[in-house]
Amino acid sequence: MKRFVMMALLCTFVLGLAATASAADIKVSGDYAFEAIWTDNWGFKDNNQGLDGDFANSYQSEEQDFNVYQRLRTKFQFIASENLKGVLYTEVGTSTWGENELSIGAHTGAVEVKQGYIDFNWPGTQVNVKVGYQGLALPMAVTHASSPILSEEVASATVSGAFTENVSYLVGYGRALQSNANQDQTDVYFAALPVAFDNMTLTPYFAYANMGEEVNATNSTAGTGWTAYGADNNTGGTLDNAWWAGLSFDATFFEDFITKADFMYGQTNAEKDGAEMSGWMAGASVAYTGWKQYVTPEVFFVYTTGEDGNVTKGNGGSERMPIIAPDWAVGSFFFGGDALLKGSDGDLAAQMGFWTLGLSLKDISFMEGLSHTVNVMYIQGTNDKDLIRGYQGDENYQNVTYGKTLTEEDSIWEVDFNSEYKIYDELTGYVQLGWLNADYDKNTWGPNTDGGDAYKLSIGMNYSF
């Protein structure tokens, strides 16, 4: 009898779900990624005995040479009509084999909400509205086309549409950060105006962050990307606001030449000069597509402002551009840009203050389903050489890290060789090789901190459905 009752309840439950699901079509997609990676001397720490005090301790650590990672992302779209749907995007990981939820017999892995929002068109119009926790990125054309200012999930509301056939718009508001304990918050307002013609797209944009009264230079509500060099809770004071303005450009000239360019400026205003930041970033690339059957070569250049002599002497604010939550890279190693999960060493907050010139040979293919990319690039710092000198042992560094931050005396070469193979239409295998050679100035960072070579070998696959 009990078994009959349980079966009846189960049938009722299943039928109830079917009836509920009939109100909307359900579309499921996702990406399941796995990566095994061998590394050596990431952060150039093999000879890191030069600095003294707390600063040295902050970057001395043992390195695990081999790890396996996995991440499972599944997106559910509940589609009521072509004008209305709800989105639930879940994620498990990124997790390391043998640790925590992936240790033997653990069974403790948690499903996290990566995104969750409503997406609809206003009745009778093509005005689109999205409300909820969603992915947002300010415009970017050069390289991987993810913004160095903001490219992340944000609790927000956006409205987008078109004024004319050639002119569109997007405006929005997001609550980026909040701390109930301190009654602090950081709100972000943004707008973009894409202008598109046959062979060219031009997108000006603007973003403004309004901060709560208790948000200061180093608390968690501010975020590390807009923490000025040398600022702390005693000297930095509260942050008032921040703003960014930029222009993104993408055009095709002479049929086979694709030209991209970006310029952006950002500024953080604060109660005291020592906590303020202002700087800019510019980049350009030219790709030739006339040989795209075999290879697409691309030349790129990127420049970001670095700290000047005034800030290193304590006479002014930071000259690096403030950032909120970046996802940006050139190459596929030092700045990021790897195809899978953990195959890069990127930390843009610490890396700001550089210029780089590079060449990418993309989509090299002589066999169906198999393609390669080669990156060769040179990176030089634009931060004043006294950014480190004179402050050795100081524990109040902000976004300054040996192995990532570069002064005018420091440089890095990067060479990558990446391959991908279509095992099935939905399953892609990857092999990525990377080499970095860093030349750090020992007179700046201290003895035995002159950089060296770093390597990676990454093997993985991604199931996209």
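Any read-out appearing in this document is the output of simple, stated calculations on the displayed coordinates, not a laboratory observation. For clarity, every value in this text was computed on a predicted model and none was experimentally measured. Glycine gets a Cβ as well: all are built from the backbone with ideal geometry, and neighbour counts include every protein chain shown.
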* For Thr238, Thr356, what's the fewest-to-most ordering of other Cβ within 10 Å of each Cβ? -> Thr238, Thr356
* At 7 Å along the Cα-to-beta-carbon direction for both Val431 and Phe263, put a label point, then send me their distance in nm to one decimal. => 4.4 nm
* To do: Rounded to whole Å and sorted largest first, list the principal axis extents of the Cα atoms in region 260-373.
  => 60, 29, 20
* Would you mind computing, in nm to one decimal, how far apart the modelled labels at Phe120 and Thr90 are, each placed 7 Å from Cα along Cα→Cβ? => 2.5 nm
* Asked: What pairs in Lys45/Lys114; Lys342/Lys442; Lys342/Lys362; Lys75/Lys342; Lys272/Lys442; Lys342/Lys404 have C-alpha atoms more than 24 Å from each other?
  -> Lys45/Lys114; Lys342/Lys442; Lys272/Lys442
* Structure fact -> Taking a crude spin-label model, label points 7 Å out from Cα along the C-beta direction, the Asn241 to Gln293 distance in nm is 5.7 nm
* Structure fact -> Under 11 Å by backbone N from the virtual spin label 7 Å along Cα-to-Cβ at Asn67, the residues of region 92-114 are 94-97, 99
* **Dipole magnitude of region 135-464 about its Cα centre (Cβ charges: Lys, Arg +1; Asp, Glu -1), debye to nearest 20** => 240 debye
* To do: Could you work out the equivalent-ellipsoid semi-axes for region 135-464, taking the square root of 5 times each eigenvalue of the Cα gyration tensor, largest first, in whole Å?
  => 33, 27, 18
* To do: Identify all aspartates and glutamates with a Cα-Cα distance to Lys385 below 19 Å; exclude those on the same chain that are fewer than 8 residues away in sequence.
  => Asp52, Glu307, Asp308, Glu319, Asp394, Glu395, Glu408, Glu409, Asp410, Asp439, Asp441, Asp450
* Please list the equivalent ellipsoid semi-axes of region 94-211, computed as the square roots of five times the alpha-carbon gyration tensor eigenvalues, in descending order and whole angstrom. => 33, 19, 16
